[in-house]
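For reference, the structure discussed in these notes is given below.
The values are calculated or read from the model by the stated rules, or taken from the named source; none is laboratory data. Owing to the predicted nature of the structure, the values given are computational and were not obtained by experimental measurement. Heads up, the Cβs are rebuilt from the backbone with ideal geometry, glycines too, and the neighbour counts pull from every protein chain shown.
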Amino acid sequence: MRYSGLRVVVEALTGHRGWKPVWRDPAPQSHYDFVIVGGGGHGLATAYYLAKEFGKSRIAVLEKGYLGGGNVGRNTTIIRSNYLLDGNEPFYEFSLKLWEGLEQDFNYNAMVSQRGIINLIHTDAQRDAFTRRGNAMIMNGADAELLDREQVRAMYPWLNFDNARFPIKGALMQRRGGTVRHDAVAWGYARGADMRGVDLIQNCEVTGMRIENGRIVGVETTRGFIGAGKVGVAVAGSSSKVMAHAGMRLPIESHVLQAFVSEGLKPFIDGVMTFGAGHFYVSQSDKGGLVFGGDIDGYNSYAQRGNLPVIEDVAEGGMALMPAIGRARLLRTWGGIMDMSMDGSPIIDRTPVDGLYFNGGWCYGGFKATPASGWCFAHLLARDEPHVTARAYRFDRFLKGLMIDEKGQGATPNLH
Amino acid sequence: MIIHHPILGPRDSQEFVYLGDASLMNRPDGLTAGIEAFHDYLYNRDNPAGEHRELWYHEQGDRSWLVVTRNTVTHEIVRVELARDVAKAAGRTK
């Protein structure tokens, strides 16, 4: 069923009896040409673009829980393409362009809202760095603006401009950045993939990989063996667990990142704001809650929950930036598991096993990458060669010294 | 998380800096190990869901390195050793 304004009117007049479930719940078949492991944003986007853009069929997505139940439903919904390095910026700008056309493309309301994102500046050195970053963004076809202190003040007069440690001196702004209704991204891709014949198989955990003569022939699952021509793994957070079935050790540690929502407040933050020096970023949801977060907890974790010291740290960052929120109450906090890679950048690549492909290492920046990640992974699966914007996301970049280290931290995943 | 320091007793994990998998103690010999072995040491990790032996540095305490055995699924800490003792038990001089 195609959604449209007319459809809404017709259904309203006929008692809303025509709405149907938006995807099937098929039993797994014995063999598929393409098996995507992971029914989150990236896996569903991969299946969608494989079917739609690359004309492939006989595709299945295997999800151990329910569709969109992992990090695509646990993030803080920000989209942007404000990266510095050549290996990253073209990819994230490709992703932002896909976001801009996504709802028309998959005929689903994902509430893409380009409300703008600012990164606050506190020192001359930081202004120099952000100027350079903004120029790199513009050279790669993205938009960037340097705001001075008074321009920031006009937007958010209630910020603490005269903080003794981090006075606000300006900001780098990307107006095309913003937020998206994250669950709807998973649902839209799932619906679009299902409409094109992709089998979305839930409650189906991969428990092993069958590899014969160096080639993958299928996966063992809790719902039996499923044969596959090619297998693409997109399970960020659990990448090491799943790829261990193929005997691989990854340049990845799993870490927990917490996020927070306050009680609903009247609208007063109309964009996204990052206070990197204070380890804090924030936006305001359409329901009025402040959606914010900070750093990862910093130790290996698969727990999907963090500890109190980071909650305190994030709250302090928020108070330093916006004393006005001091009496707002925290509604809830939660945690998601991040694939923290050794240089802070992702991997979309072949593996030493023929027919087995990997997509992961998204650190805490996977949500904004969802459309391009799906597209580029589908490109790799369909054509056996990387998409032009994802050529740098290789496994062997660590061996060859071609790291994409935006933060310059080296092989310390908890500092990226 | 509370880390039971073998010398100082129970300490808040906030006093510590986390480094990562305790296998980082076993650095290959730079003159004899090949680039592949060094690459594996530096970049690849087991990253288990479950018990994980890891290095914590007591920066705001006695500046000792500890090997903490912790469950990455529950955050439960099951064993804490001085990294020095672990190294000596493995036959190293320090």
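Name every residue in segment A:122-162 that is assigned to a loop (DSSP other than H, G, I, E, B) and within 20 Å of A:Gly271 (Cβ to Cβ), in order of residue number. Don't jump to the end; show me each part of the working.
The first filter runs over segment A:122-162 and keeps only residues assigned to a loop (DSSP other than H, G, I, E, B), leaving A:122-123, A:140-144, A:156-162.
Those that are assigned to a loop (DSSP other than H, G, I, E, B) and within 20 Å of A:Gly271 (Cβ to Cβ): A:His122, A:Ala142, A:Asp143, A:Ala144, A:Tyr156, A:Pro157, A:Trp158, A:Leu159, A:Asn160, A:Phe161.
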key: Test for B:Asp12: is it under 25 Å from A:Ile296 (Cβ atoms), without any contact (Cβ under 8 Å) to a residue 12 or more places away in the chain and within 11 Å of chain A (Cβ to nearest Cβ)   = yes
inquiry  = So, in segment A:233-290, how many residues would count as being surrounded by 23 or more Cβ atoms within 10 Å (Cβ to Cβ), within 14 Å of chain B (Cβ to nearest Cβ) and among the aliphatic types (A, V, I, L, M)?
reply    = 7
ask   = Is it the case that A:Asn300 is within 13 Å of chain B (Cβ to nearest Cβ), touching a strand residue (DSSP E or B) at 6+ places or on another chain (Cβ under 7 Å) and free of Cβ contacts under 8 Å to residues at least 24 places away in the same chain?
value = no
request  = Answer yes or no: is there a residue in segment A:66-78 that is closer than 24 Å to A:Met273 by Cα, in contact with a strand residue (DSSP E or B) (Cβ under 7 Å, 6 or more places away or on another chain), among the hydroxyl-bearing types (Ser, Thr, Tyr) and part of a loop (DSSP other than H, G, I, E, B).
outcome  = yes
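Only one residue in B:Tyr43, B:Tyr57 is among the aromatic types (Phe, Trp, Tyr) and either more than 10 Å from every other protein chain (Cβ to nearest Cβ) or in contact (Cβ under 8 Å) with a residue 60 or more places away in the chain (or both), so which one is that?
Result of the check over B:Tyr43, B:Tyr57: B:Tyr57.
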inquiry  = Between a residue in segment B:17-33 that is within 13 Å of another protein chain (Cβ to nearest Cβ) and any residue that is among the hydroxyl-bearing types (Ser, Thr, Tyr), which pairs come within a Cβ distance under 6 Å, given they are 6 or more apart or on different chains?
reply    = B:Val17/B:Tyr57; B:Tyr18/A:Tyr299
task = Could you look through segment B:1-38, keep only residues that are aliphatic (A, V, I, L, M) and part of a loop (DSSP other than H, G, I, E, B), and pick out the one that is nearest to A:Ser254 (Cα to Cα)?
result = B:Met1
task = Check segment A:343-360 and report whether any residue there is at negative phi, in contact with a His (Cβ under 7 Å, 6 or more places away or on another chain), part of a strand (DSSP E or B) and in the same structural domain as A:Ser239 (by TED's automatic domain parsing).
result = yes
